[in-house]
Every structure is written in C-alpha cells, then in structure tokens.
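The values are calculated or read from the model by the stated rules, or taken from the named source; none is laboratory data. It should be emphasised that the depicted structure is a prediction, and the values quoted were computed from it without experimental measurement. Here Cβ is always computed from backbone atoms with ideal geometry, including for glycine, and neighbour counts include all displayed protein chains. Accessible surface is based on the protein model in full, side chains and every heavy atom, while ligands, DNA and RNA are left aside. Shrake-Rupley method; radii C 1.70, N 1.55, O 1.52, S 1.80 Å.
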Amino acid sequence: MGEDLEKLKQRLPLLDYLRQQNWVLRPARHGPEFVGRCPLHPDTRPSFYVNASKNLFYCHGCGQGGDLLRFVQLSRQLSFRQSLAYLEQYSAPPADPVAVLEQAAAFYQQQLDLYPEALGYLKQRGLHDATTTQELRIGYAPGGSLRRHLTAQGYSCDLLRSLGLLNAQGCDAFYRRVIFPCCLNGRVINLYGRSIAAAFAHRFLPGSKGGLYAWEQVQQGPEVILVEGLFDYAALWQAGFRHITCSLGAHLNTYQFRQLCDRPRTVFLTFDVDANGSGQQASQQLAQRLRAQGIAARRVLLPEGHDPNSFFVQGGHAAQFQALLEAALP
C-alpha cells in the first residue's frame, strides 16, 4: 500500500488538488511555498502554508499539517482508507477504453527487447528485422507487470477487467505472449496475443477486432494481398510487400467482405496450404463470392504444407513470392 500511496501523491500533487478545490493562494516569501487562508478552520489572515516541493502543508492557526491524504482526512472527515479510495477515484483518468489499450500496447512494445525468450521466438518465426517489429508495433507480455503499470497511471482494476486485460482473479490476462495491436482509424481497438508456448492457442481480448488488419493503408490501392494470420502479414511486410492485409482467420466476417468489395480491385488470396485442405477450400469459396461482386480474385498457390510465414522461414525470398503472385490462379 505504501508504494501505491506514493504513486498516488506523485500523480496528484497537493498544490494541484488545492487549486482544483478553488483554494486562493499566493507565493510566500521564501522557497517553493504558497500561502492562503486555511480551508480547515475559519481564518481571518493567511496562515495556511504549502511546500510544493515537499508536497506538505501546515497551518499556523489551527496547527494541522501533513500530506495530501491527511488534508483529505481532515477536510472531508474521512478515515485513512476512505480518503485513499476517494483520491484514487478523484485522480483516475477518464475511462476511455481506447486510451487504456494504447497504454497497454505501448507498454508491451517497451517490454519486447527486455526478454530474450520473446526475441528468440520472433526469430524462430522468421522476424529478425527490428524495423519491422517497430513499424508493426509488436510487443511482448511477460505477465505480472501490466496491472502494476496501468494502475499506477490511475486506471482501476475493474476497468482493466472489463477490457479483458486482467482476468477474474485480477492477474494479467496475457502471459508469455507476443502482442500485435489491432487498429481502426489509427487507434488501438484490440490486442492479439500469440503464445510462445506451443500448448496455448492464440487469443484476442474481448470485443471487436475491427475489420481487415491495417486496411486503411491499402484500401485505395488497385491490388491487395490477403493473408490469414498476423505472422503471415509480418513476414510479407518484412520482405518488402506493402499492399497486404489480414483477415485474422480463414473466414471473413460480413464487414471484412464488404471492405474488399468497396471498389474494383484485384485480391490475391494467400491462404495456408495445409494438409486437410481447409485453407484452400476457404480460398476457393471466397474467390467465388468476390467474383460474384465483380472483384478479381486470384488464388496464390504456396508449396504444399506452407503458409506465407513458413515460406519465408524455410528460405523463401521476395522474388520467389512475387513469382507466385504472378502465377496465381484466377
């Protein structure tokens, strides 16, 4: 509790709180002090002093003094715990989910370079270029530290639970996961977490994933490469392809389909060539639906058993992939 209290005081200095309470003050003669009439008792002459650098007050009239928490106790006649709860609520930033997700995404980005296990996993997936991870805002969730970081910014655990960042027990929901932010109009609306342990599946936070990944960057173009997964997207981005988007799965929702059909274009369907044929079956069905809407759909045939990510991990290069695009089936 002591650490949380100190962070609370840093977030809301005593002088700022008093000003917000319309306390009239003027600079005192010496040092970083301010003086005014005491708000704790009827005061006919200025006797209430605040030291801005020490974050403390003292009244020469009533003899009361202390820090911000003590002032709230005295002025509102609250207990220690009631005063602490009041200040936490008072200083909490507006509950803007997008702002919280932006903070979380930025925090995860800062963690990436601190954990060799995360960087090692990215290299296994063929992502070795630091510029790519920065441009795509890829981060890492080690687990156990996001809650501390966001509550120090004033966000409540209830808000973090409602966004899915904390689980029901109040612990970080993402643990040992590589993080991709999903954005809409430049704002983070969801986070994708890919576990670096094979036993755990990937997952998103609750709520909307938005439409096609990074759609705003390609929607004006005459051609777009559509892939299933974010590591497929990252591999192609690293290889220099920029007219790409991702459906976050083999089956598009209604909104994603409408995005592809919003103007005439050629869509290169680059789905997984997996053993059970599900990726190519989804590709064929989507191609038929797109053609029915007047969209030119071409199916890119990767080598057997590959997706775009594994194609580059196994030594494929940009020229070879470009050749696959040129040979794509109508």
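In summary, the helical segments of the chain meeting the span-like criteria, namely a full DSSP H run, a Cα extent along the axis of 15 angstrom or more and a mean Kyte-Doolittle hydropathy of at least 0.0, are 97-112. On the stretch 1-110, 49 percent of the accessible area sits on carbon and sulfur atoms, based on a 1.4 Å probe. Per residue, the accessible area of the stretch 116-192 comes to 44 Å², computed with a 1.4 Å probe over protein heavy atoms only. Starting from the Cα of Y115, step 7 Å along the direction of its Cβ; do the same at Y255; then give the gap between the two resulting points in nm. Inter-label distance under the simple model: 2.8 nm. The charge dipole of the stretch 53-134, taken about its Cα centre with unit charges on the Cβ of Lys, Arg, Asp and Glu (plus for the first two, minus for the last two), comes to roughly 380 debye. The share of C-alpha pairs in the stretch 232-280 whose separation exceeds 17 Å stands at 45 percent.
Across the chain, Cα pairs under 8 Å and at least six residues apart give a relative contact order of 10 percent.
What percentage of all Cα-Cα pairs in the stretch 86-127 are separated by more than 15 Å? The proportion of pairs with Cα distances above 15 Å equals 62 percent.
Note on the stretch 145-196: with neighbouring protein chains present and a 1.4 Å probe, carbon and sulfur make up 44 percent of its accessible heavy-atom surface.
Ordering Y58, Q82, T245 by the projection of their Cα atoms onto the charge dipole of the chain, which places +1 on the Cβ of Lys and Arg and -1 on the Cβ of Asp and Glu, puts Y58 at the extreme positive end.
As a ratio to 2.2 N^0.38 Å, the alpha-carbon radius of gyration for the chain is 1.38.
For the peptides 229-242, 58-71, residues were scored by their other Cβ atoms within 10 Å and the scores averaged per peptide; the highest-first order is 229-242, 58-71. For the stretch 205-278, the fraction of 1.4 Å probe accessible surface lying on carbon and sulfur atoms is 51 percent. Panel values: the stretch 127-233, Kirkwood radius from alpha carbon pairs, Stokes-Einstein at 4 °C and 1.567 mPa s, translational diffusion coefficient 85 µm²/s.
Rounded to 0.05, the FRET efficiency of the K123 and T44 pair, given R0 = 51 Å and the Cβ-Cβ distance, is 0.10.
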